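Report on the structure given below.
The values are calculated or read from the model by the stated rules, or taken from the named source; none is laboratory data. As the structure is a prediction and not an experimental result, all values here were calculated from the model. So basically every Cβ, Gly included, is an ideal-geometry build from the backbone, and we count neighbours across all protein chains shown. Quick note on the areas: whole protein, heavy atoms, side chains included, nothing else; ligands and nucleic acids left out. Shrake-Rupley method; radii C 1.70, N 1.55, O 1.52, S 1.80 Å.
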Amino acid sequence: MAGDPDGELEPHALLRRQRELASLYATAKSLTALGGLDEVLQSIVHHAHDLIGTDFTYLSLVGADGRLSARASEGTISPAFLAAGIPAGVGLGGKVLASRSPHWVRNYAAATLIDHDPGFDRLVATEALVALLGVPLVIRGEAVGALFAADRSERSFRADEIALLTAFADHAAVALDNARLYEASRNALRELQIAYRKIERAQAVHEALTGVVLGGGTPGDVAQLLADQLGGSVTLLDRTGAALVHRDSASSPCRTPPATEPADTVKDTPRTARCTTSVDTAGVARSTASIQAGDSYLGALVWSRQAVADHGAPDETDLRTLERATHILGLLILKEQAVAEASERLSGELLTELMVGSPGISPAQRTRTRARHIDVDRLNLVLVADSPAVSPTDLARHLHDIARERAGLAGEHLGRATMVLHSTGDDHTVEEVHHRLRRTLGGPVVVVGERAVEHDWSRAFSLASRCAAVMRAIGHTDVGATTGRYALYAMIFDTERVGELDRFLSDSIGSLLDYDRRRGTDLVDTLSAYYLNRANVAATARALHIHVNTLLKRLDRVSTVLGAGWRTENDLELQLGLRLHQLRTIATAPS
């Protein structure tokens with residue numbers, strides 16, 4: 001730059017220097033505003049273009065994909081040129097980035113000292129770009145981009161132009177670094193605020209869960225609270241995988257169904273309170289945490305929601321909330337179990353007192369039953385349940401659930417699951433209890449009922465127990481009935497010696513059964529119909545749809561097999577044997 005011997009600048013050079021310093025000052029001042037990065041970079045490019053006076057000026061940064069693309073520009077330049085990106089290792093920009101120093105060419109298309117990119121060269125020709133100067137943007141020793149000044153005619157770039165563009169590039173690098181640090185601090189603050197809100201929310205949920213326990217809430221209240229706070233739905237499973245409670249969020253736009261195979265869900269759940277998450281083919285995400293109390297497994301808690309709505313993996317804070325809820329539920333379940341066991345124990349004790357003290361009711365017994373809202377004077381039906389697959393203790397527990405609903409008592413008495421309750425229709429009540437037990441157990445069960453007269457529950461229990469033994473002896477393993485059909489046989493035979501029934505049947509009608517098997521006849525059925533019709537030949541023939549002569553011939557064969565005196569000598573034993581055989585046949589007949 002020219003000057004006089006005394007070192008003073010000429011007026012036009014002095015004016016140019018003032019403009020340059022003012023522009024650099026304005027650029028430096030804009031950095032202190034901590035505005036948006038694109039706004040600051042555009043301001044830098046604008047001032048550089050205005051001072052250098054090239055056809056157009058632009059600033060490019062290296063992106064995450066390793067390509068150099070424009071972020072700000074000034075001057076007449078096409079959108080296609082600005083939208084282009086080239087690898088950071090080619091072209092003039094590649095030399096600038098690699099050397100971290102300025103480079104320029106008089107004619108870009110003709111330059112041989114740079115690696116050309118065919119795609120960019122086509123844009124250079126379309127844009128009529130000829131002369132190009134590039135200076136690096138360096139942050140902490142790393143070249144992250146470049147500032148370019150371009151002309152559409154050949155020219156050289158003076159040292160002062162290069163120095164001025166370099167100064168603007170330095171400002172741009174500072175702006176970029178500041179913006180990145182500012183954005184990082186804002187992101188950190190935003191993440192901290194989000195984390196704080198999550199902690200506050202988790203704390204609020206935990207306090208609400210604690211409040212549920214202190215307020216006497218139920219597991220259903222806990223599930224509803226979780227569903228409302230987490231969204232979706234929450235299902236509580238017992239230790240077998242059966243759904244005990246299912247709650248949907250009140251604000252959820254759609255209802256998410258519980259697991260279709262909860263038993264598999266529980267089977268695959270680790271026996272810890274840590275969550276496991278899976279997504280099914282319908283896009284439903286389920287997070288499952290087991291409920292533990294020491295070494296005891298009590299069930300599982302399943303949080304279901306649409307995976308798409310959750311934007312991927314569940315939030316860790318929500319999962320920890322679900323895990324903490326299993327501790328609360330463990331306490332509630334243990335509390336309910338303790339209350340239920342105490343209720344069952346008291347019910348069983350009262351049942352035993354009534355049985356042992358019957359007939360009659362003591363004032364103390366009346367007071368204790370009244371405290372449980374039971375009218376002991378109305379307990380008129382005794383039921384005994386028996387199952388080959390379930391212990392009397394477990395059967396009594398199921399009977400206790402029924403007794404509680406019907407203001408009755410249940411427990412284990414003399415090794416049998418027993419219940420006493422009020423009934424107006426004994427047969428219907430016994431059938432209802434049998435149906436309910438069978439559905440709960442999923443297998444065969446015998447329920448026998450006997451009406452207690454004048455509070456003599458002990459006598460009713462004894463008869464019902466003996467009838468249950470007779471039913472088991474003749475093969476009735478899945479039935480609900482009163483003692484009426486079996487009471488006679490229970491009084492005749494010792495139910496503890498089942499072999500007596502088999503010997504009696506063999507002695508009374510064994511020869512007839514054997515004859516029918518060998519000859520293909522039906523003398524046993526004929527004789528049963530004969531006694532059923534009070535030994536009336538005509539009525540028996542009508543009942544069997546046969547001619548009277550045919551019936552007489554069959555009765556003659558009976559005489560041949562049993563002896564001529566069968567009508568008088570063994571009449572009672574024969575009728576008992578035929579009736580027991582019919583009962584046994586009913587038990588073994590296919591349903």
Worksheet entry | FRET E, pair Thr521, Asp478, Förster distance 22 Å, beta-carbon r, rounded to 0.05 | 0.10
Practice prompt. Only loop residues by DSSP count here, and only those with at most 14 other Cβ atoms within 10 Å; note down the GluC sites (Glu not before Pro) in segment 114-172 that meet that.
Written response: Glu154
Worksheet item: From the phi of every residue in segment 465-480, what ³J(HN,Hα) in whole Hz does the Karplus formula 6.51 cos²θ - 1.76 cosθ + 1.60 yield, where θ is phi - 60° and glycine or proline is x?
Response: 5, 5, 5, 4, 5, 4, 4, 5, 5, 8, x, 7, 10, 8, 7, x
Worksheet entry | Difference of contour (0.36 nm per residue) and Cα-Cα distance, Glu405 to Ala338 | 22.2 nm
Worksheet, complete the sentence: Everything considered on the Cα gyration tensor (a ≥ b ≥ c; rounded for a/c under 1.5, else prolate if a/b is larger than b/c, else oblate), segment 186-232 must be described as oblate
Worksheet item: Residue by residue, what Karplus-based ³J(HN,Hα) values in Hz, rounded to whole numbers, does segment 159-165 have, using 6.51, -1.76 and 1.60 with θ = phi - 60° and x for Gly and Pro?
Response: 5, 5, 5, 5, 5, 5, 5
Item to complete: Sort segment 405-472 into rounded, prolate or oblate with this rule: let a ≥ b ≥ c be the square roots of the eigenvalues of the Cα gyration tensor; rounded if a/c is under 1.5, and if a/c is not under 1.5, prolate when a/b is larger than b/c, oblate otherwise.
Response: oblate
Practice prompt. Rounded to the nearest 0.05, what FRET efficiency do Asp50 and Gln193 give with R0 = 51 Å and r taken as the Cβ-Cβ distance? Could you check?
Written response: 0.80
Discussion item. Check which residues have an amide H placed less than 5 Å from Asp117's amide H, if you skip close sequence neighbours.
Written reply: Gly91
Practice prompt. Quick one: order Lys95, Lys335 from most to least accessible surface, probe 1.4 Å.
Written response: Lys335, Lys95
Worksheet item: Roughly how many nanometres apart are two label points built 7 Å out from the Cα toward the Cβ at Arg451 and Ser156?
Response: 12.9
Discussion item. Need one value: the accessible area of Met355 in square angstrom, 1.4 angstrom probe, rounded to the nearest 10.
Written reply: 10
Discussion item. Quick check: pseudo-label points 7 Å beyond the Cα along Cα→Cβ at Thr276 and Ala110, how many nm apart are they?
Written reply: 7.4
Response to the item:
Env charge @ Leu214, Cβ radius under 14 Å, K,R +1 / D,E -1, value -1
Worksheet item: Length gain on complete extension for the stretch Asp556 to Arg186, per 0.36 nm per residue less the alpha carbon to alpha carbon distance?
Response: 122.2 nm
Worksheet item: If you plug each phi of segment 278-289 into the Karplus form 6.51 cos²θ - 1.76 cosθ + 1.60 with θ = phi - 60°, what whole-Hz ³J(HN,Hα) values come out, in order, with x for Gly and Pro?
Response: 9, 10, 8, 5, 8, x, 9, 8, 10, 9, 10, 10
Discussion item. Two decimals, Cα atoms only, Kirkwood Rh: what is Rg/Rh over segment 343-392?
Written reply: 1.02
Worksheet item: Per residue, what accessible area does segment 272-414 have, given a 1.4 Å probe and all protein chains present, in Å²?
Response: 47
Worksheet item: With no solvent and one point on each alpha carbon, what is the Debye value of log10 I(q)/I(0) for segment 85-166 at q = 0.14, 0.20, 0.23 Å⁻¹?
Response: -0.43, -0.88, -1.14
Worksheet entry | Equivalent-ellipsoid semi-axes of segment 320-442, from the Cα gyration tensor, Å, largest first | 29, 19, 13
Fill in: Net charge of Cβ neighbours under 12 Å - reference Ser362; Lys, Arg +1; Asp, Glu -1
+1
Worksheet item: Quick one: net charge of Val130's neighbours, Cβ under 12 Å, K/R +1, D/E -1?
Response: -1
Worksheet item: How much accessible surface does Trp104 have with a 1.4 Å probe, in Å² rounded to 10?
Response: 100
Worksheet, complete the sentence: Taking a ≥ b ≥ c as the square roots of the eigenvalues of the Cα gyration tensor, with a/c under 1.5 meaning rounded and otherwise prolate when a/b exceeds b/c and oblate if not, segment 165-255 is prolate
